[in-house]
Amino acid sequence: MSKVSDSEKLINDYEREPVPQERRKGWFRLSIVWMGAVIALSAIILGGTIAGGLTMPQAIIATFIGTFLLACLSALCSLVGAKTNLSTALVSTFALGRYGSYAVSIVIAIALFGWFGVQLDLFGGSMVQIISDAFGVELNKQLLVVIGGILMTTTAVIGFKAIEKLSLLAVPLLSILMIASLVKVVSDPGQSQLTNNLFGEPLTVGVSVSLIIGSLAVGAIIGPDISRYAKTPKDAVISSFVGFFIGFSVILIAAAVIAKATSQVDIIAIMLGLGWGTGALLILILAQWTTNDNNLYSSALGFSVIFRNTPKFVLTIIAGTIGTLLAVGGIYDSFIPFLIFLSALIPPIGGIYVADYFMNGSKYSFENLEKMKAVHIPSVCVWIAASLIAFMTTPAPNGFGLFVITGASGFDAFLVALLLQGVVSKVIQVRASESLSMEKKLEENS
């Protein structure tokens, strides 16, 4: 009997209710989880790409601007999660209605478990190269994808607790690796002339800022999935800035410096060239794991709102299995445009619930969830309008590329949704106040 209760306690992740006070965390532990989520092979490759197209001073400026804007985006969204202690899918119910939140859940869940498969494919390819370089053995990529899928699904099944523990292991190891690599390349006297060398496609600071924001905009929008575990809203805001502004900027700049020194972006080749060997590459793989299980974790939280009678661990296993099988089948080469399409629909959701929360914060309580309308049509219209803006500002072939606002389509969609929802909420407030005033006058006259 105790074994059953222990198992239930292990996988209980409060997916359909507020996280209880005794389970909530301070800013330091939340920051570690955020850093585990944002630091991955893709982040290091992005840092190298920026280094290849910009001078080092330009790369630093672009990094600080991009990560600061991401941190602000995450802080706003995470604040709502910390105030309600509910997941992104549940938070959206207050702004979009019960059925509106189902649409949000479907978009978030499918997009994220899709990206889980894409990252899993990258994981398998990296492992093949590592094992080949270290031991001279050529293993089947699909086998390694399956093994990676099982491992990542296991931590996502357990939920926040496992993600936190894995991040506490991976983040310090990756920090040590990147610092040691920096020291090694900077200490070489021949590297002092490399700050201005361009070895990739030329970029502008503006485009680089857009790349940085676009790389993690979706992760910032689903901030409540992590910040619902915050002890206080202050902890949520601090951890957002530590994770995105400090953690992400440090990894991007470190990757840029290392890429400048070696004139290449392939992180595996760089680490082998620096002489670190297999251990360093395994740390990079561990960093990929901490990012990808977050994709599956948030995907399962979204599915939990739709399939209310199915335990989250079952939904996680199903999503992980499908994502792994699709990665093994290699269909993600053609699936990526669809994932980009879905991902463009997510940033407006953040703008909507943030604006609505600041205008109508009193209704954002778990007890009021069942009282929400089936569909809040004005907010759904805002979602559609802001999503259209995202497609219009996304370059072809994934968007229409009609015009540019900030250069980051996801950030554009968030800002448009924030402004439109603010107007909508204010109009509704005014009308409600006028209606209440009219009723009082009628009562007085009668």
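The values are calculated or read from the model by the stated rules, or taken from the named source; none is laboratory data. These figures come from a predicted structure and were not determined experimentally. Because the Cβ atoms are built from the backbone with ideal geometry, glycine has one as well, and the counts that use them run over all protein chains shown.
Which residue pairs have Cβ atoms under 7 Å apart, sit 6 or more places apart or on different chains, and have a first residue in segment 23-50 that is among the polar types (S, T, N, Q) and a second that is modelled with pLDDT of 90 or more and in a helix (DSSP H, G or I)?
Sorted first by the residue in segment 23-50, then by its partner, the pairs are S31/S239; S31/V242; S31/G243.
If you check T278 against the conditions, is it of a type in the set (S, T, Y) and farther than 30 Å from C77 by Cα?
yes
Working only within segment 363-412, note down all residues that are among the small types (G, A, S), under 21 Å from the mean Cα position of the chain (by Cα) and either part of a helix (DSSP H, G or I) or modelled with pLDDT of 90 or more (or both).
Answer for segment 363-412, where residues must be among the small types (G, A, S), under 21 Å from the mean Cα position of the chain (by Cα) and either part of a helix (DSSP H, G or I) or modelled with pLDDT of 90 or more (or both): A386, S387, A390, S409, G410.
All but one of (1) modelled with pLDDT of 90 or more; (2) within 21 Å of A408 (Cβ to Cβ); (3) surrounded by fewer than 24 Cβ atoms within 10 Å (Cβ to Cβ) hold for G243; state the number of the condition that does not hold.
(3)
Can you name the residue in segment 127-166 that is under 20 Å from F113 (Cα atoms) and among the polar types (S, T, N, Q) and is also surrounded by the fewest Cβ atoms within 10 Å (Cβ to Cβ) among such residues?
T154
Checking T84 against (1) over 21 Å from A43 (Cβ atoms); (2) at pLDDT 85 or above; (3) more than 20 Å from the chain's Cα centre (by Cα), only one condition comes out false. Which one?
Only one criterion is unmet by T84, namely (3).
Sort out which residues of segment 80-122 are in contact with a strand residue (DSSP E or B) (Cβ under 8 Å, 6 or more places away or on another chain) and closer than 21 Å to T155 by Cβ, and write them in order of number.
G81
For residues in segment 210-225 being of a type in the set (V, I, T) and within 10 Å of the chain's Cα centre (by Cα), which is modelled with the lowest pLDDT?
So the residue we want is V218.
S42 versus (1) of a type in the set (G, A, S); (2) at pLDDT 95 or above; (3) within 18 Å of the chain's Cα centre (by Cα): which is the lone unmet condition?
Only one criterion is unmet by S42, namely (2).
When you scan segment 210-299 for helices (runs of 4 or more DSSP H) that lie fully inside it, which ones turn up with 3 or more residues that are free of Cβ contacts under 8 Å to residues at least 40 places away in the same chain, under 30 Å from L342 (Cβ atoms) and out of contact with any helix residue (DSSP H, G or I) (no Cβ under 8 Å at 6 or more places or on another chain)?
Where helices (runs of 4 or more DSSP H) fall fully within segment 210-299, none carries at least 3 residues being free of Cβ contacts under 8 Å to residues at least 40 places away in the same chain, under 30 Å from L342 (Cβ atoms) and out of contact with any helix residue (DSSP H, G or I) (no Cβ under 8 Å at 6 or more places or on another chain).
Among the charged types (D, E, K, R), closer than 23 Å to D412 by Cα and in contact with a Phe, Trp or Tyr (Cβ under 8 Å, 6 or more places away or on another chain): is that true of D225 in this structure?
Yes; evaluated as a whole, the condition is true for this residue.
What is the number of the single condition among (1) crowded, with 22+ Cβ neighbours inside 10 Å; (2) modelled with pLDDT under 90 that L10 does not meet?
Looking at each condition in turn, L10 falls short on (1).
Yes or no: V91 part of a loop (DSSP other than H, G, I, E, B), closer than 26 Å to G323 by Cβ and among the hydrophobic types (A, V, I, L, M, F, W, C)?
When the stated conditions are applied, V91 does not pass them.
Restricting attention to segment 338-356, and to residues there that are surrounded by fewer than 24 Cβ atoms within 10 Å (Cβ to Cβ) and aromatic (F, W, Y), which single residue is nearest to C381 (Cα to Cα)?
The qualifying residue nearest to C381 (Cα to Cα) is F341.
Please tell me if A287 is closer than 25 Å to P57 by Cα and under 25 Å from the mean Cα position of the chain (by Cα).
In short, no.
Give me the residue from segment 112-126 that is over 17 Å from A287 (Cα atoms) and not aromatic (F, W, Y) and, out of that set, surrounded by the fewest Cβ atoms within 10 Å (Cβ to Cβ).
G114
Determine, yes or no, whether I317 is surrounded by fewer than 17 Cβ atoms within 10 Å (Cβ to Cβ) and of a type in the set (V, I, T).
no
Would you point out which residue out of S167, S181, S132 is small (G, A, S), farther than 23 Å from L339 by Cα, part of a helix (DSSP H, G or I) and without any contact (Cβ under 8 Å) to a residue 40 or more places away in the chain?
From the options S167, S181, S132, the qualifying one is S132.
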